[in-house]
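Here, each number is a calculation from the coordinates, and none is a lab measurement. What you see is a predicted model, and the numbers here were worked out from it, not measured in a lab. All Cβ positions, glycine included, derive from the backbone under ideal geometry; neighbour counts span all protein chains shown.
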Amino acid sequence: MKKLLALCLILALCPFAMSETAGLANPVKEYATLEEINDIVGGRLCHPAVMGVTDERFSVINAEVPIAQYQYSLNGLEYCFRCAATADFDISGVWIDGKEAFGEYGGEIDYAWGEGMKLARWFEISGQYVLMLEDAENVMSEETFIAISEEMRSLTSDAMSESEKAAFYAELEGEYQDNYSLRASASVSANGSEGALMEIWWGNSAFETCCWTMTLRLGEDGLLYYDDCICSVVAVEEGAEEGTVTVLYENGAGYFSFLDGILYWTGAEDEYHSQCEFQKI
């Protein structure tokens, strides 16, 4: 319900939204520069690295999470570029064939193609980015739009110093509970700018627990990667003081995305754990 409400609040404001649901009017405040709207949401929206941009408009949508919106014209086509510090909902507000333009929140760049529209979505440390193009006559090929989106993504990338990385890992520290399964918990501890140790526990039964231990390191795309995961099962017989440990695999690889205090485990090797969403408690 929270996710659907957030979507309804922004649907009416997207100049290209194709929705089967009526949207609610939302307060939008206009600003004079890109820097102003970036400062408000903590984003890195950027101008295209080409000449010929016209009709630039800057605004912030006062949704549950503020959304910075940069609209402009280029070569006769209309673009809408958005950013918000959230992974809770698709900030494009666009539905295609009765479904949201973008589904699960991975971190890699995703594309969606609708009637008269082309969309791209990616994540950085600073938040979720969506680039939308109104192209009713299908003037631009999908390949060209992909190239443009990759360029815009490179311009929004977050380069961090060692001290900034250390501060980021320190922010991750704490205890977490999985909102998806309600059966898993996790603990994260930072190691300066080198990374963060994460331990996850999943209770299979009263006498058996699955454990994962891994080191998270920040990638240039804002994802937290690991390649040293050890997965084991600890079993304790009823009445026993000590249990047995069975290692299932070592050097497992995957990644997490981190937004709004939630670690999204979208790269798990273990199929039924791949949708864990760890909320800091």
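Listed by Cβ neighbour count within 10 Å, with the fewest neighbours leading, SER161, SER126, SER189 appear as SER161, SER189, SER126.
Taking the Cα centre of the chain as reference, the dipole from Cβ charges on Lys and Arg (+1) and Asp and Glu (-1) amounts to some 840 debye. Put simply, the C-alpha atoms of the chain give a gyration tensor, and the ellipsoid matching it has half-axes of 39, 20, 17 Å, longest first. Pairs of Lys residues in the chain, spaced 8 or more positions apart or belonging to different chains, with C-alpha separations under 27 angstrom: 11 in total. Find how many whole Å separate the alpha carbon centroid of segment 30-69 from the alpha carbon centroid of segment 157-221. For segment 157-221 versus segment 30-69, the Cα centre distance is 32 Å. Normalised by 2.2 N^0.38 Å, where N is the number of residues, the alpha-carbon radius of gyration of segment 153-218 equals 1.39.
What's the Cα-based Rg to Rh of segment 162-280, Rh via Kirkwood?
0.99
The eigenvalues of the Cα gyration tensor, multiplied by 5 and square-rooted, give segment 74-231 an equivalent ellipsoid with semi-axes of 36, 20, 12 Å from largest to smallest.
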